[in-house]
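The values are calculated or read from the model by the stated rules, or taken from the named source; none is laboratory data. These figures come from a predicted structure and were not determined experimentally. Cβ sites come from the backbone with ideal geometry, for glycine too, and all protein chains shown count toward neighbours.
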């Protein structure tokens with residue numbers, strides 16, 4: 001039934017923006033280039049940071065080089081999406097790239113760690129546009145059938161960046177300068193902006209848009225406070241729920257409440273809450289939030305598990321993510337092919353089943369278990385992520401009108417990023433609390449190789465499990481106790497991932513079946529029909545020039 005419905009939709013669906021095949025593939029190249037520099041930035045900077053610290057100092061502000069970028073790139077996502085619905089994708093995408101490149105250039109010219117943090121925040125402001133607006137543009141110019149088949153290209157961008165990023169970052173840092181880790185993005189970003197500028201043609205809207213400034217400001221401040229409290233407090237449960245952090249959380253939630261009240265009265269709200277009356281959107285965004293927790297949790301804690309509990313080197317720990325990423329790319333391609341036959345509901349459910357099983361097996365993995373099973377388990381987790389992430393995105397895009405495509409796509413990306421930020425912080429706090437409890441229990445049990453004082457010291461500063469020199473100076477028996485405590489603590493983190501993935505699975509069952517969506521897809525909306533009629537007239541007027549292209 002689902003396959004039959006999908007076939008009917010595919011046969012009658014047309015791209016939301018008509019253009020020649022050559023222009024469409026040029027736009028696709030521009031989008032992929034922009035997404036590549038955004039994805040690459042997340043991996044190359046981490047490789048260069050030890051050298052950056054040696055050059056600029058400021059080790060105590062190390063984490064903020066990443067946090068500043070994460071906060072600004074996350075909080076601006078809904079704003080970019082809404083503005084693109086009002087002013088068009090091309091203009092906003094180009095503005096996003098320009099801001100990103102300005103922040104990139106200034107980051108490479110930084111003379112202190114404080115400057116680098118500020119300029120990374122500027123870079124993040126622009127980065128918030130690149131991925132969601134890129135995917136929105138693809139939703140505009142390709143049909144469902146074409147988008148499903150193109151998952152291979154976009155998954156390949158992320159997979160390629162995760163593999164080559166550390167290599168490129170290390171090579172540039174060692175052979176040239178850490179500053180060129182930033183400068184190398186500038187010509188690539190300029191090329192992406194120019195390609196989009198020349199190739200993407202959109203209808204002009206003469207109606208003056210109404211911008212929800214109050215809603216945008218309230219949302220950005222509230223989410224910034226939430227993320228700041230989460231990032232700063234994610235080192236332990238004590239700091240997460242410290243009085244200062246609780247006050248920040250309270251202020252953020254009050255601002256969110258005010259934001260909701262303002263949005264209900266706004267003429268054209270930043271986030272139209274009626275979107276969430278669409279079951280596909282509400283379920284996809286909720287499941288995407290939980291999937292974001294699982295995704296960032298896996299990427300963040302699997303290398304730590306390998307180094308801290310299994311005794312792997314940093315290189316070996318980093319290589320563990322390779323099978324996960326490759327499996328992610330492969331299964332996103334497979335999922336795109338199957339989506340047209342069985343529907344996004346079935347693909348999402350299967351993906352979350354695999355993801356949940358992967359986390360369960362990861363939580364059961366023991367230090368004595370053969371390493372082969374760990375690699376196999378990571379393949380499972382990658383497959384689950386590959387089947388769910390872009391499938392949920394396509395489901396959301398297919399469920400809304402073109403006038404809301406930007407904000408709907410951005411909400412999908414936004415929920416995933418927020419889920420990742422909160423998930424990693426909460427998992428990190430549980431890890432710290434669990435490690436302290438495990439070490440304290442081992443010390444109080446009368447173990448001769450670990451005193452209570454040592455347990456407290458290792459719990460507050462577990463670098464001895466990661467630093468090769470520190471590990472070499474520890475007695476074998478003490479190191480074994482520490483690694484066992486780390487394994488038990490991270491197992492709890494993986495159980496959290498399993499529970500949240502299982503919850504996402506249950507939520508995925510609420511995705512409407514495709515035959516339930518048929519009425520919405522065929523009846524449409526009066527406004528959407530008028531827009532389609534207007535676009536048809538524009539296409540007819542532009543037909544001679546389009547033919548020349």
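Here is how the numbers come out for the structure above:
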| quantity | calculated |
| --- | --- |
| Qualifying helices (runs of 4 or more DSSP H) (wholly inside the stretch 453-532; at least 3 residues being at pLDDT 75 or above and not assigned by TED's automatic domain parsing to the domain that holds residue 339) | 476-508 |
| Where a residue in the stretch 167-182 is outside the structural domain of residue 41 (by TED's automatic domain parsing) and over 19 Å from residue 319 (Cβ atoms) and its partner, wherever it lies, is modelled with pLDDT of 85 or more and not in a helix (DSSP H, G or I), with Cβ under 9 Å and at least six apart | none |
| Residue within the stretch 331-349 that is closer than 20 Å to residue 494 by Cα and buried (at least 24 other Cβ atoms within 10 Å of the Cβ) present | no |
| Filtered residues of the stretch 366-377 (kept if touching a residue at least 24 places away in the same chain (Cβ under 8 Å) and either buried (at least 24 other Cβ atoms within 10 Å of the Cβ) or outside any helix (DSSP H, G or I) (or both)) | 366, 367 |
| Which listed residue, of 167, 95, is modelled with pLDDT of 90 or more, part of a helix (DSSP H, G or I) and surrounded by fewer than 20 Cβ atoms within 10 Å (Cβ to Cβ) | 95 |
| Residue check for residue 287: crowded, with 18+ Cβ neighbours inside 10 Å, part of a helix (DSSP H, G or I), in contact (Cβ under 8 Å) with a residue 12 or more places away in the chain and not assigned by TED's automatic domain parsing to the domain that holds residue 394 | no |
| Top-ranked residue in the stretch 170-198 [being out of contact with any helix residue (DSSP H, G or I) (no Cβ under 8 Å at 6 or more places or on another chain) and part of a loop (DSSP other than H, G, I, E, B); ranked as surrounded by the most Cβ atoms within 10 Å (Cβ to Cβ)] | 177 |
| Failed item in (1) modelled with pLDDT of 85 or more; (2) not in a helix (DSSP H, G or I), with residue 207 passing the rest | (1) |
| Sole exception among (1) under 30 Å from residue 217 (Cβ atoms); (2) surrounded by 17 or more Cβ atoms within 10 Å (Cβ to Cβ); (3) free of Cβ contacts under 8 Å to residues at least 24 places away in the same chain for residue 296, by number | (3) |
| Residues satisfying the stated conditions in the stretch 213-272, i.e. closer than 19 Å to residue 85 by Cβ, assigned to a loop (DSSP other than H, G, I, E, B) and over 23 Å from the mean Cα position of the chain (by Cα) | 266, 267, 268, 269 |
| Residue check for residue 294: in a helix (DSSP H, G or I) and more than 20 Å from the chain's Cα centre (by Cα) | no |
| Residue identified as under 20 Å from the mean Cα position of the chain (by Cα), modelled with pLDDT under 80 and on the phi < 0 side of the Ramachandran plot among 31, 45, 77 | 45 |
